[in-house]
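S.K.: Next up is a structure, given as C-alpha cells.
The values are calculated or read from the model by the stated rules, or taken from the named source; none is laboratory data. What you are looking at is a predicted structure, and each value in this text was computed from that prediction instead of being measured. What goes into the accessible areas is simple: the full protein's heavy atoms, side chains included, and nothing from ligands, DNA or RNA. Shrake-Rupley method; radii C 1.70, N 1.55, O 1.52, S 1.80 Å.
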Amino acid sequence: MVAAPPCYIPAQNEDEIFNYYKVLSEEFSGKLFVYNMPALTKISITPDLALKLLVLPGVIGYKDSSGILEDLLYLLPQAKNLGKSVFAGPEHLTMQAMLAGADGGVNGGANFMPELFSSLAEAVENGDTEKMNELQHKVEDFQPEYGNPCTCPGVIRALKRKLSEKGLIKNIMAFPNLP
C-alpha cells in the first residue's frame, strides 16, 4: 500500500505524521510505502522524518513527489543502507534520482509512454550515457504539456487527455473539475 499523510485534517507536526504511519504499520498486515506528495497533501515529509518512518515494521519504501532533488539525494544513501526502496515521482528528476541510487520512478507519463520510461530506466541501469541523455531530453520535451507552471491538477488533466487520445480511458475528471 502507498500511503500519503492525511490531508483533510492535516497533521500539525512531525510527531503526528510519525504516529499516523506508526499506527498504519502496526495495523496493516501488508507492505507499506511512505508517499511524500506535499503539493496535494499540504504536508511535507522531511528527509529526516522519512528515515525515521523507514525503520517502522512493514515499511518497505518511500516515494518522493516533492520535486526537491536535494532532499531525495540526502535521503537515498541512508534509505538504501536500511535496505529500503526509493522511487522518484517527478519524471523530469527520475534519471538523476536513479543515477544516485533510486530504484526508479513512479511517473505519470509512463501511463501513456511506457516504452520511453522503461527505456530510460534500462539506459540508466546499463550506464548508457548517450541513450540516457537522449531519452531524458524526450521526457523534458513533454513537460510543457503539464502546464506552465506545472501543477498537480495540470499533470492529472494532461495524463487523462493523453490516455483519452490513445483510446484507453474517457477524459472525465472528478466533479467539479472539467476535462
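S.K.: Per the Cauchy relation, a quarter of the hull surface: what is the mean projected area of the convex hull of the alpha carbons in the stretch 77-116, in nm²?
M.R.: 2.8
S.K.: Follow-up. With no solvent and one equal point scatterer placed on each C-alpha of the stretch 107-164, evaluate the Debye formula and give log10 I(q)/I(0) for q = 0.24, 0.27, 0.28 Å⁻¹, two decimals.
M.R.: -0.93, -1.05, -1.08
S.K.: 5 Å is the cut-off here: which amide hydrogens, built 1.01 Å from N in the peptide plane, fall below it relative to residue 2, excluding neighbours closer than 5 in sequence?
M.R.: Amide H neighbours of residue 2: 33.
S.K.: Using a 1.4 angstrom probe on heavy atoms only, work out the carbon and sulfur share of the accessible area of the chain in %.
M.R.: Here carbon and sulfur together make up 56 percent of the probe-accessible area.
S.K.: Semi-axes of the stretch 61-179's equivalent ellipsoid from the Cα gyration tensor, sqrt of 5 times each eigenvalue, largest first, rounded to whole Å?
M.R.: Gyration-tensor ellipsoid for the stretch 61-179: 27, 17, 12 Å.
S.K.: Just to be sure I understand: with springs between alpha-carbon atoms less than 10 Å apart, which residue in 149, 77, 90 has the highest mean-square fluctuation in the Gaussian network model of the chain?
M.R.: Per the Cα network of the chain with a 10 Å cutoff, 149 tops the list.
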